[in-house]
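Before any comments, here is the structure.
The values are calculated or read from the model by the stated rules, or taken from the named source; none is laboratory data. Small disclaimer: the values here were computed from a predicted structure and weren't measured. So basically every Cβ, Gly included, is an ideal-geometry build from the backbone, and we count neighbours across all protein chains shown.
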Amino acid sequence: MDSRPIGIFDSGIGGLSAVRALRQLLPGESLIYLGDTARMPYGDRSAEEIDRMTGELTTRLLRQNVKALIAACGSISCNAGKTLSSLPVPCYDVVTAAAEAAARSSKTGKIGLAATEATVKSGRFAGEIEKRTGQAVTAVPCPRLAPMVESGMVPDDPALAAAVAEYCKPFLRDGVDTVVLGCTHYPLAATAFAAVLGEGVTLIDCAAEAAKAAAEALKEAHLLAGGTAPAAPRYYFTALPPQPARLLARRLLGEDFTPQLAKPGDKG
Ligand code: DGL
């Protein structure tokens with residue numbers, strides 16, 4: 001039994017889709033969230049930059065005495081392997097569990113991946129799926145999408161819906177039956193994807209899959225808090241999200257969402 005908090009991090013509000021799943025799966029756990037809003041998007045950065053910034057985020061969270069970490073970001077999961085593999089606590093990323101869920105769900109093996117440029121360029125996410133299906137993945141970089149969600153755009157916003165429709169064209173062309181939302185911002189726009197792709201295409205939420213896998217692993221490792229009343233989740237950001245993004249976050253979480261400013265220069 002371990003009552004220390006779980007740390008969850010992302011470039012911005014996208015990782016809250018992992019928090020939503022964790023709140024349902026592990027209501028007894030204390031959660032600390034850190035979003036690097038001031039430097040978002042990560043998706044157009046180099047692997048070196050993403051790895052360095054991930055080191056700063058994980059250092060901050062480790063100073064909060066976390067027992068485990070969740071890299072609730074596809075771009076970090078695919079580009080910060082150096083940092084993520086040298087942490088002193090268990091760290092779960094969004095790739096493996098989502099790749100497994102996609103391979104399980106697909107009947108034809110034709111799978112699409114919607115993700116940031118950094119994720120697609122790394123080849124890691126598509127590679128993990130291809131390893132399981134033996135078929136090429138239709139991987140589509142969606143560079144405008146995470147910043148749109150981060151600004152608080154709702155899924156039926158015409159600009160967001162138009163961007164999603166454009167990004168989905170290769171999926172429709174290739175007749176995929178499953179699309180992995182491989183950036184944690186995209187589950188906040190899931191209904192826009194569903195509207196374009198239709199009922200025949202299953203959407204895999206990489207954040208929810210990561211949360212499920214982490215919950216399972218923490219249980220097996222006897223690292224759950226068990227019995228103690230958890231502290232309310234704490235949400236830290238390097239820049240406070242704008243009001244529309246706060247509303248979107250509150251709607252996603254279905255509960256109170258009070259972002260706090262992470263102190264500048266607090267790099268551990
Ligand atoms: N939420 C992030 C991801 O899963 C990154 C979005 C961004 O900062 O570009 O890739």
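Observations on the model:
- Flag for Ala217 being closer than 20 Å to Val94 by Cβ, among the aliphatic types (A, V, I, L, M) and out of contact with any Cys (no Cβ under 6 Å at 6 or more places or on another chain): yes
- Selection within the range 49-73 - within 16 Å of the ligand (Cβ to nearest atom) and touching a Leu at 6+ places or on another chain (Cβ under 9 Å): Asp51, Thr54, Leu57, Thr58, Leu69, Ile70, Ala71, Ala72
- Residues within the range 163-217 that are in a loop (DSSP other than H, G, I, E, B) and crowded, with 24+ Cβ neighbours inside 10 Å, tallied: 5
- Any hit, the range 218-232, residues being acidic (Asp, Glu) and crowded, with 16+ Cβ neighbours inside 10 Å: no
- Number of positions in the range 38-66 that are under 19 Å from Tyr236 (Cβ atoms) and touching a strand residue (DSSP E or B) at 6+ places or on another chain (Cβ under 9 Å): 11
- Exactly one residue out of Ser105, Ser86 is of a type in the set (Ser, Thr, Tyr) and either touching a residue at least 12 places away in the same chain (Cβ under 8 Å) or under 19 Å from Gly175 (Cα atoms) (or both): that is Ser105.
- Residues of the range 155-162 include at least one that is at pLDDT below 95, outside any strand (DSSP E or B) and surrounded by 15 or more Cβ atoms within 10 Å (Cβ to Cβ).
Residue by residue, here is whether (1) within 14 Å of the ligand (Cβ to nearest atom); (2) surrounded by fewer than 21 Cβ atoms within 10 Å (Cβ to Cβ) holds:
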{"residue": "Lys107", "(1), (2)": "no, yes"}
{"residue": "Thr116", "(1), (2)": "yes, no"}
{"residue": "Pro143", "(1), (2)": "yes, yes"}
{"residue": "Pro147", "(1), (2)": "yes, yes"}
{"residue": "Gly152", "(1), (2)": "no, yes"}
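- Flag if Ser77 is within 23 Å of Ala221 (Cα to Cα) and more than 12 Å from the ligand (Cβ to nearest atom): no
- Any hit, the range 118-136, residues being within 15 Å of the ligand (Cβ to nearest atom), more than 18 Å from Ser17 (Cα to Cα), assigned to a loop (DSSP other than H, G, I, E, B) and of a type in the set (Gly, Ala, Ser): yes
- Close contacts from the range 195-206, counting a first residue that is at negative phi and a second that is modelled with pLDDT of 95 or more and hydroxyl-bearing (Ser, Thr, Tyr), with Cβ to Cβ under 6 Å and a gap of 6+ residues or different chains, come to Thr202/Ser105; Thr202/Thr178.
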